[in-house]
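Questions regarding the structure given below will be posed in turn.
The values are calculated or read from the model by the stated rules, or taken from the named source; none is laboratory data. Not measured: the values here are computed from a predicted model. Because the Cβ atoms are built from the backbone with ideal geometry, glycine has one as well, and the counts that use them run over all protein chains shown.
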Amino acid sequence: MCNQPTDFTITIGEATIKGVKHTVIELAPQSELDMGTFQRFQDTVMGWFKRGSQNIILDLTGVVYMDGLGLGSLVRIRRQINEANGTLTLWICDQSIIKLIEVTALRPLFKIYRTKEDMEKSS
C-alpha cells in the first residue's frame, strides 16, 4: 500500500466576506495533502482560478496531514494567484500543518485563519 494515491473529495462553494465574493475549495475531512493528492489538488485550484475565480479560499480544516509536496503546491498556487493580482486565503485547524508552514519560514506568504468566522472578525 505504500505510495498509493490517497482518495479525497473536493467541494467547491462560494462565500462573501466583507463584501468580497470568494470561491471556497474544501478538502473533505480526514484528507491528506501529500504525494498522492497534491497534483489533483493543485490542478483543481488552478482550474478554478483560470475560470475567473480571483479570490480563493482553501478550506483545509479537514486536512490531517501535509507533506513537502502539499506545501509546495500551496506555494505554487499562491505565486500564480498573486502574479495575477488575486488573493489566496487558507483556513487551517491542524496545528501541525500551521507549524510546518511556520518552520519552513513560509508563514508570511499566507493569510491563515482557523474558520470563516475568524476571517470575518479580522480587520
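Condition (residue is more than 21 Å from Arg114 (Cβ to Cβ), in contact with a helix residue (DSSP H, G or I) (Cβ under 9 Å, 6 or more places away or on another chain), in contact (Cβ under 8 Å) with a residue 12 or more places away in the chain and assigned to a loop (DSSP other than H, G, I, E, B)) applied to segment 11-21: is it met by at least one residue?
There is no residue in segment 11-21 that is more than 21 Å from Arg114 (Cβ to Cβ), in contact with a helix residue (DSSP H, G or I) (Cβ under 9 Å, 6 or more places away or on another chain), in contact (Cβ under 8 Å) with a residue 12 or more places away in the chain and assigned to a loop (DSSP other than H, G, I, E, B).
Determine whether segment 59-77 contains at least one residue that is touching a Phe, Trp or Tyr at 6+ places or on another chain (Cβ under 6 Å), part of a strand (DSSP E or B), within 14 Å of Val45 (Cβ to Cβ) and not aliphatic (A, V, I, L, M).
yes
Please give the number of the condition Phe110 fails out of (1) under 18 Å from Ile17 (Cβ atoms); (2) over 11 Å from the mean Cα position of the chain (by Cα).
The single condition Phe110 does not satisfy is (2).
Looking only at segment 97-123, which residues are charged (D, E, K, R) and assigned to a loop (DSSP other than H, G, I, E, B)? Talk me through it step by step, then tell me what you get.
The first filter runs over segment 97-123 and keeps only residues charged (D, E, K, R), leaving 99, 102, 107, 111, 114, 116-118, 120-121.
The answer is Arg114, and nothing else.
Residue-wise test of (1) at pLDDT 90 or above; (2) over 25 Å from Asn85 (Cα atoms); (3) within 12 Å of the chain's Cα centre (by Cα).
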residue: Lys21; (1), (2), (3): no, no, no
residue: Val24; (1), (2), (3): no, no, yes
residue: Leu27; (1), (2), (3): no, no, yes
residue: Gln30; (1), (2), (3): no, yes, no
residue: Met46; (1), (2), (3): yes, no, yes
residue: Ser53; (1), (2), (3): no, no, no
residue: Ile57; (1), (2), (3): yes, no, yes
residue: Gly62; (1), (2), (3): no, yes, yes
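Out of all the residues in segment 82-104, which are touching a strand residue (DSSP E or B) at 6+ places or on another chain (Cβ under 9 Å) and of a type outside the set (Ser, Thr, Tyr)? Working first, answer last.
Residues of segment 82-104 touching a strand residue (DSSP E or B) at 6+ places or on another chain (Cβ under 9 Å): 82, 86-94, 96-98, 100-101.
Answer for segment 82-104, where residues must be touching a strand residue (DSSP E or B) at 6+ places or on another chain (Cβ under 9 Å) and of a type outside the set (Ser, Thr, Tyr): Asn82, Gly86, Leu88, Leu90, Trp91, Ile92, Cys93, Asp94, Ile97, Ile98, Leu100, Ile101.
Let me ask another. Which one of Gly36, Gly47 is in a loop (DSSP other than H, G, I, E, B) and out of contact with any strand residue (DSSP E or B) (no Cβ under 7 Å at 6 or more places or on another chain)?
Values: Gly47 fails: in a loop (DSSP other than H, G, I, E, B).
The unique qualifying residue is Gly36.
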